[in-house]
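Only one structure is covered here, and it is reproduced in the block below.
The values are calculated or read from the model by the stated rules, or taken from the named source; none is laboratory data. None of the values given here were measured: they were computed from a predicted structure. Cβ placement follows ideal geometry from the backbone for every residue including glycine, while neighbour counts extend to all protein chains displayed.
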Number of protein chains: 2
Amino acid sequence: MLMREELQKRTITEDGQLMLRKADQEQLETVWDRFNAQAPHCGFGELGTCCRNCMQGPCRIDPFGEGATLGACGASGDTIVARNLGRAIAAGTAAHSGHAKHLAHTLLKSAEGKAPDYPIRDEAKLKGVADRLGISTNDKSIEELAKAVARVALEDFSEKETPVAWAATNVTQGRVETFIKHGVVPTGIDSAISELMHRTAYGVDADPINLLMGGVKCALADFAGCHMGTDLADILFGTPKPVTSTANLGVLKTDGVNIALHGHNPVLSDVIAQVASELDEEAKRAGAPEGVNLVGICCTGNETLMRHGIPSATHSVSQELAMLTGAVDAMVVDYQCIMPSLGTLAECNHTKLITTMSIAKIPGADHIEFTEENARETAKEIIRRGIEAFKSRDPKKVNIPPQQSTMVAGFSTEAIVGALAKVDKDDPLKPLIDNIVNGNIQGVCLFAGCNNVRVSQDSGFVSMAKKLAKENVLLLATGCGAGAFARHGLLTSEATQEFGGDGLKAVLTAVGEAAGLNGPLPLVLHMGSCVDNARAADVAVAVANKLGVDLDKLPVVASAPEATTEKAIAIGTWAVAAGLPTHVGVVPPVLGGATVAKVLTDEVKAIFGGYFIVETDPMSAAEKLLEAIKERRKGLGI
Amino acid sequence: MLMREELQKRTITEDGQLMLRKADQEQLETVWDRFNAQAPHCGFGELGTCCRNCMQGPCRIDPFGEGATLGACGASGDTIVARNLGRAIAAGTAAHSGHAKHLAHTLLKSAEGKAPDYPIRDEAKLKGVADRLGISTNDKSIEELAKAVARVALEDFSEKETPVAWAATNVTQGRVETFIKHGVVPTGIDSAISELMHRTAYGVDADPINLLMGGVKCALADFAGCHMGTDLADILFGTPKPVTSTANLGVLKTDGVNIALHGHNPVLSDVIAQVASELDEEAKRAGAPEGVNLVGICCTGNETLMRHGIPSATHSVSQELAMLTGAVDAMVVDYQCIMPSLGTLAECNHTKLITTMSIAKIPGADHIEFTEENARETAKEIIRRGIEAFKSRDPKKVNIPPQQSTMVAGFSTEAIVGALAKVDKDDPLKPLIDNIVNGNIQGVCLFAGCNNVRVSQDSGFVSMAKKLAKENVLLLATGCGAGAFARHGLLTSEATQEFGGDGLKAVLTAVGEAAGLNGPLPLVLHMGSCVDNARAADVAVAVANKLGVDLDKLPVVASAPEATTEKAIAIGTWAVAAGLPTHVGVVPPVLGGATVAKVLTDEVKAIFGGYFIVETDPMSAAEKLLEAIKERRKGLGI
């Protein structure tokens, strides 16, 4: 039997612990069991010194210098670590930008009248993006403008003579100059990925520093992909506004057809959200008095939460636990962070796992190929698959944990600026900047990244946030991080009252009340999914431009206490290049390259201003971020 | 001391053995020592079941089912193997196509008058390529035509609505239909790489078969990259014609400034070849009566051999041995297959290692950044660096092995067709096809791929070729394979006399004499570098079109007995997709996925006609290829 201590080691969420007990009783395997079965983990892999980039290996470098100190080709530990890191950045960039490219195609089809299920829902955002890209807006219809924006987006993937537009137009002028100076300006997203894959191949780049700079170049392409993903989703589905909803597995309904939307891209899930109510009657006829109940998982969940207030069931490492409730009738997935184990769980269960994208199939799943041209029909077919499955749901096997947290999400950049404008209509950033200057707000921390099976779920996020909030740090969150805060009630006014330092509390209260929320803003502002880290970057860029300093001077930091994916590595790298002290709470596979590790955590500061802080203890991590904020404040003379 | 048996295990080349003895005496480390120091190799890595695609691992699958059978996320051994294979294909494609893109830029600069050192040297090839691409040729100047071809080339990297032109226009119509049917048509080279990196990321594609099909799609982009690399190099530097030269380390000169050209892309090395004689006097003044002596290593060596008759010093696994002669004054490298250990060897030595490409630096090397705009100047600066280094060459340390083999290389598709045209001017392919039909030639085998430290250098190539030649198989070769045959005297008329079966000998003699060579064609036809596998594909496509059958019906096979790089994996995959039985003599990291291994070696035959033959014993491999040829002949009723 799973002891309390072991449960605590796995997750600090009560609903999660309940499901883990159930899994244990029913002898169903979860990610934690499989992780334990992998122990002892390969030390070479953990250190990053295992190279499989040709068939003369695999090679590995002995960290104690007692065994092999070089790969067969002569690659050093530093070279191998830098190459592996580069490939991770390339993969992360490919994922984010694949998502963005998908939306660019959707936007183009929308503008060309080929996808009637995708009207332009946010014309103001479209115009704003077009303006930023230097596309003239006055002489064009909305369709023409959408077409122009979509074309610039698609052009950003190809190598060209000019920088990637979505990278160059979304940072400070100072950053642009720094990137040019160090030769890290990407001129195409796909081409940057390709170049990095080339230079990390056998017998190409062997210089660890040169490889790292190649990684930065690709990571800036990742930034572009993230930002494009955010912009285009807003144009197509609306820019998020504050919205109230609920989180935890308690959002599943005993009497509803529960359909979980999982993955990352809103292109299908938003349409499902739009049509779900049309099938309520069918669900009721099938015996579900509450009709169709959509819930979100991972960043697809964040997207539908931000725009439709759809409750968030869970995120990332605990995705299997949603299925273990026995109450999920269909789980619809697009791509990224979807555990293959869901296929097996679905097979042992009444749940239909439905894959929808040609590039992401899973053994054990039903595949319903999604296209924009027939989005509503596909969405309905998927929901009907859930209704059908509901009929074979076994009530005896259903165990929905009671936990439900309320939350306010939907804090896009526009929503934050909108709230600040209620305080100062003419100069919305002024209240924020004044309060940073006067010390009510000491700094800003963006919490991002995943959950990781190595860290008790949410523990890193929650303990760091409480510590920083007490020290008057304004907290932003995206992705699984935002989900963690939702699950633990930190996206509420009550949390601000309970955990905010006096200065922070005063500011959040003033803004919240001015914005008509009848109370303070939430302790943490949920900015969206993991591509939406771009929203947080926008806030920082706006503040920097307003202050007339570059990003690397601001008391702004980032943290991914439970990072997992290659996407997180790409994001962390562009955060550092953007000038942010960036905390990672899981040791990335770089320690086998002493030079690489030193560059990433120290020497890179002299180049970009930002640097990595690797610290697995959340309290120490929070201290280090506070120190970084203090140093920055000192630099600004505030 | 290295025993004779150990030397034989390392290489069958006599010059190589001499240098290995020297390395041993001087306690200098080579790739074989470092390979041995890596033993025992990680079995998980060898089986392909080690996954490091997120920070919840590394995970590994126990091949005996006794330990972990799934990764933490639930990925099976098959999923992990297919993902890793996909990433290797992506990297290989990135390398070949990076090379091709580089040449496309060079061609564009040439056409725009920005790179006067790059005139169009082969207008007929330019017109032929343009024709094939559907670019009208009559209405354009050479510059305009070059610009149009370069633009189509560059467009091939970006995602678009039509198939990659360099893939679609270079295969049979039957192949195009098969590729469309199975959804593996790439619509952009960089975008195919990016898509494969996305689908192999954490939580995306988990279906091994779907992943493999994604790999095929990317491999077809690799085919396009290879073919483009060949076409554009021919346009810029001339299409190779038969040329006589020499091979082995004996091509280095005691009394010359020896400059080794190493890597893959002729963009710099061809210019060095053009200007070298201009610096002969400077070399003589520095004390080298033989002036500047250029020699080639790896595929840069193949490129300069094919077009300038520059001797080939060595290839791939033995690159360090060239430096160990103490007689190489400068080694100039571009990218791919360049061992980082050269940096260390150069530092212990008078040799200047000179890196020239921004994406490929090496600790211990001098970096001279190369651009097309100043190509001749850079080329001269590099040669002068060699002349300077020559002055500090220590004659006491010089040990140049005496071996030198003569060879005839330069068999581009055009050269082969040209030779056949001497037999039948109106229908050049007829003599080849007639002889295949009448059995004088049983089939065709393309030898490609690298040398690999796991195989005694050249042993796989040489023994297989002798066996197949005796059975009247026409032999083509590229890359390190062609180098192996050069080193062992198989690129000669004498070898045809000695090792050819009667039928083959008769055909090679008839064609050779008709072509005015005063003897048979060489036993093996050297078609060029590893991108030039595209040339061999062209021959097969021409024969298939002439016969009115698809590629998967021809008695044509491929073999990479000593494959090493990810590029070789990409090439092998497109060879299989093209319909060829494709032998690999090194076990690729796929055995940990039983389904994947079965698909690649068996089930894929039902889809594409081609399949992998994994066989480490050269004699058995040759038998299996002969069987495949027999089966194909039976299928054709010949």
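General observations
- Answer from A:N374, A:N438, A:N399, A:N451 - the residue that is touching a Cys at 6+ places or on another chain (Cβ under 8 Å) and of a type in the set (S, T, N, Q): A:N451
- Count of segment B:478-524 residues which are assigned to a helix (DSSP H, G or I) and either of a type in the set (G, A, S) or under 16 Å from B:V243 (Cβ atoms) (or both): 14
- Residues (more than 13 Å from every other protein chain (Cβ to nearest Cβ) and either of a type in the set (D, E, K, R) or assigned to a helix (DSSP H, G or I) (or both)) located in segment A:327-342: A:D329
- Filtered residue count, segment B:343-372, keeping only those that are crowded, with 23+ Cβ neighbours inside 10 Å, within 21 Å of the chain's Cα centre (by Cα) and not in a strand (DSSP E or B): 1
- Test for A:F179: is it within 30 Å of A:T413 (Cα to Cα) and either in contact with a strand residue (DSSP E or B) (Cβ under 6 Å, 6 or more places away or on another chain) or outside any helix (DSSP H, G or I) (or both): no
- Options B:V149, B:V185, B:V243: the member that is of a type in the set (A, V, I, L, M) and in contact with a Phe, Trp or Tyr (Cβ under 9 Å, 6 or more places away or on another chain): B:V185
- Within segment A:156-184, if we keep just the residues that are within 14 Å of chain B (Cβ to nearest Cβ) and over 13 Å from A:S97 (Cβ atoms), the residue that is surrounded by the fewest Cβ atoms within 10 Å (Cβ to Cβ) turns out to be A:E161.
- A:I89 being more than 8 Å from chain B (Cβ to nearest Cβ), under 19 Å from B:C50 (Cβ atoms) and either crowded, with 24+ Cβ neighbours inside 10 Å or not aliphatic (A, V, I, L, M) (or both): no
- Filtered by the rule that a residue be facing chain B (nearest Cβ under 7 Å), without any contact (Cβ under 8 Å) to a residue 24 or more places away in the chain and either farther than 16 Å from B:G71 by Cα or within 27 Å of the chain's Cα centre (by Cα) (or both), segment A:32-55 gives A:Q38, A:H41, A:R52, A:M55.
- Meets criteria (in a helix (DSSP H, G or I), in contact (Cβ under 8 Å) with a residue 60 or more places away in the chain and within 14 Å of chain A (Cβ to nearest Cβ)) for B:G460: yes
- Subset of segment A:233-258 [acidic (D, E) and more than 21 Å from A:A288 (Cα to Cα)]: A:D234
- Segment A:425-455, subset within 14 Å of another protein chain (Cβ to nearest Cβ) and of a type outside the set (A, V, I, L, M, F, W, C), residue surrounded by the most Cβ atoms within 10 Å (Cβ to Cβ): A:G449
- Only residues that are of a type outside the set (S, T, N, Q) and within 7 Å of another protein chain (Cβ to nearest Cβ) were counted in segment B:203-219, giving 6.
- Subset of segment A:587-638 (residues that are among the small types (G, A, S) and farther than 23 Å from A:K553 by Cβ): A:G592, A:G593, A:A594, A:A597, A:S620
- Number of the condition not met by A:G134 [criteria: (1) surrounded by 18 or more Cβ atoms within 10 Å (Cβ to Cβ); (2) in contact (Cβ under 8 Å) with a residue 24 or more places away in the chain]: (1)
- Verdict on B:T239 being in a loop (DSSP other than H, G, I, E, B) and either under 19 Å from B:T378 (Cα atoms) or of a type in the set (S, T, N, Q) (or both): yes
- Qualifying residue in segment B:316-326 (condition: part of a loop (DSSP other than H, G, I, E, B) and within 14 Å of chain A (Cβ to nearest Cβ)): no
- Taken over segment B:242-280, the criterion of being assigned to a helix (DSSP H, G or I), charged (D, E, K, R) and more than 27 Å from B:R535 (Cα to Cα) is satisfied by B:E278, B:D280.
- Residue in segment A:527-535 that is within 28 Å of A:V243 (Cβ to Cβ), modelled with pLDDT of 95 or more, acidic (D, E) and in a helix (DSSP H, G or I) present: yes
- One residue alone among A:T187, A:T200 is within 14 Å of another protein chain (Cβ to nearest Cβ), under 28 Å from A:R52 (Cβ atoms) and in contact with a Lys or Arg (Cβ under 7 Å, 6 or more places away or on another chain), and that residue is A:T200.
- Looking only at residues in segment B:202-216 that are within 13 Å of B:V81 (Cα to Cα) and of a type in the set (A, V, I, L, M), the one that is nearest to the chain's Cα centre (by Cα) is B:L212.
- Filtered residue count, segment A:422-441, keeping only those that are farther than 19 Å from A:L468 by Cβ, within 27 Å of the chain's Cα centre (by Cα) and either charged (D, E, K, R) or part of a helix (DSSP H, G or I) (or both): 2
- Residue in segment B:560-579 that is outside any helix (DSSP H, G or I) and surrounded by fewer than 24 Cβ atoms within 10 Å (Cβ to Cβ) present: no
- Number of positions in segment B:188-201 that are charged (D, E, K, R) and under 24 Å from the mean Cα position of the chain (by Cα): 1
- Only one of the numbered conditions (1) touching a residue at least 40 places away in the same chain (Cβ under 8 Å); (2) outside any helix (DSSP H, G or I) is not met by B:V185, and that is (1).
- Meets criteria (within 20 Å of B:V541 (Cα to Cα), touching a residue at least 40 places away in the same chain (Cβ under 8 Å) and aromatic (F, W, Y)) for B:F179: yes
- Only one of the numbered conditions (1) hydroxyl-bearing (S, T, Y); (2) within 14 Å of another protein chain (Cβ to nearest Cβ); (3) in a loop (DSSP other than H, G, I, E, B) is not met by A:T137, and that is (2).
- B:R151 more than 9 Å from chain A (Cβ to nearest Cβ) and either touching a Gly at 6+ places or on another chain (Cβ under 6 Å) or of a type in the set (S, T, Y) (or both): no
- For segment B:40-85, a residue qualifies if it is acidic (D, E) and either surrounded by fewer than 24 Cβ atoms within 10 Å (Cβ to Cβ) or in a loop (DSSP other than H, G, I, E, B) (or both), and the qualifying residues are B:E46, B:D62, B:E66.
- Any hit, segment A:58-75, residues being more than 9 Å from every other protein chain (Cβ to nearest Cβ) and of a type in the set (S, T, N, Q): no
- Pick from segment B:513-558, criterion over 15 Å from the mean Cα position of the chain (by Cα) and basic (K, R), ranking: nearest to B:P266 (Cα to Cα): B:K546
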